Amino acid sequence: MNFGLYESSCALDVKKLFTDVFTNSEGEEEGNLIGNLAFELQETTDPRDIFGFLAKDGEIIAGCIFFTRMTFEISISAFILSPVAISTQYQNQGLGQKLIKFGINQMKNNDVDLIFTYGDPHYYSKVGFIHITEEIAKAPLKMTFPEGWLAQSLTSDKIEPIKGNSTCVKALMKQKYW
Ligand SMILES: CC(C)(COP(=O)(O)OP(=O)(O)OC[C@H]1O[C@@H](n2cnc3c(N)ncnc32)[C@H](O)[C@@H]1OP(=O)(O)O)[C@@H](O)C(=O)NCCC(=O)NCCS
C-alpha cells in the first residue's frame, strides 16, 4: 500500500469512492451526499486551504482523506478532517488508522497546530482525537451530534480554549453536514 498526496486527475474516482463506500455503509442518500461533498471540496476550495491524501494499492484507490482549513477570530493554523473513506473491501484491516495517521503527520509537517473532526468518538480516539465542548472551540454551524465534536493538538499536550466563532470552507459550510 502506498500513501501519498491526492492528485486532481483522480477527482471523479475519488467522488465514486466516497459515494460507493457511504452507500454501502449508510445507504444511497448518504452515499450521494458524501460523494458530492468530496467532489465539491476538491472543486471549490482554494488549494492553500485543502490537503487530500490517497492510499493506493497499485493503481487502485483504496482510501482517501481530506483536511480543509478552519478559521477562528484569533490566528491559529487549524484544519478539519472530513471526510475519510476506506474502500469497502479494504475495511477493518487497519488501513483507516494508517491513512489518518499519515495525513496527520503531513499536517504536522505543514505547521498545523490543531485538527478537528466530527464523527465517532470511539473510532477517532484510536488516532489521537478527544471529545471537546464548544467552550473549547466553537463549531462553524449548529451540531446535531455534539458528542462527535473532536480535536487534537499537534503542538501541545493540552487543547487551550479558543475564543470566538469559527468558519470552515464553503463546501462544508452547510447545515446538512453538521
Ligand atoms: C470508518 C473507516 C474510515 C475506518 O477505516 P477501517 O480501515 O475500516 O478501520 P480500521 O481497520 O482502521 O479500524 C478498525 C476499527 O474501526 C471500527 N470501525 C470500522 N468502521 C467504523 C465506522 N463506520 N464507525 C465506527 N467505527 C468503525 C471497527 O469496528 C474497528 O474497531 P475495533 O478495533 O474497536 O474493533 C472505514 O471503515 C470507512 O470508510 N467506513 C465507511 C465510511 C465511514 O463511516 N467513514 C467515517 C465517517 S466518521
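Coordinate-derived values only; no laboratory data. Computed from a prediction, not measured in an experiment: that's the story for all the values here. No Cβ is skipped: glycine too gets one built from the backbone with ideal geometry, and neighbour counts run over all protein chains shown.
A few remarks follow.
- Under 17 Å from the Asn32 label point (7 Å along Cα→beta-carbon), backbone N, segment 1-20: 15-20
- Two-site label geometry, Lys98 and Ile130: point separation in nm, points 7 Å out along Cα→Cβ: 2.9 nm
- Summarising the label geometry, the points placed 7 Å from Cα in the beta-carbon direction at Thr44 and Ala11 lie 1.4 nm from one another.
- Using a Förster distance of 35 Å, the FRET efficiency for Asp111-Gln89 (Cβ separation, nearest 0.05): 0.45
- Expressed as a whole percent, the proportion of Cα-Cα pairs in the chain lying more than 25 Å apart is 27%.
- Cross-link reach list, lysines versus Lys16, counting only Cα pairs under 22 Å and skipping chain neighbours closer than eight places: Lys56, Lys98, Lys170, Lys174, Lys176
- Neighbour count of at most 10 Cβ within 10 Å plus DSSP loop: longest GluC sites (Glu not before Pro)-free window in the chain: 60-134
- For a label point 7 Å along the Cα-to-beta-carbon line of Met173, residues of segment 132-153 with backbone N under 15 Å: 139-142
- Shape parameters for segment 3-68, alpha-carbon atoms, Rg then Dmax in Å: 11.5, 33
- Lys15 sits among other residues whose Cβ lies under 12 Å from its own Cβ, and their net charge, with Lys and Arg +1 and Asp and Glu -1, is -3.
- Within segment 123-173, trypsin sites (Lys or Arg not before Pro) in DSSP loop having at most 11 other beta-carbon neighbours inside 10 Å: Lys142, Lys158, Lys163
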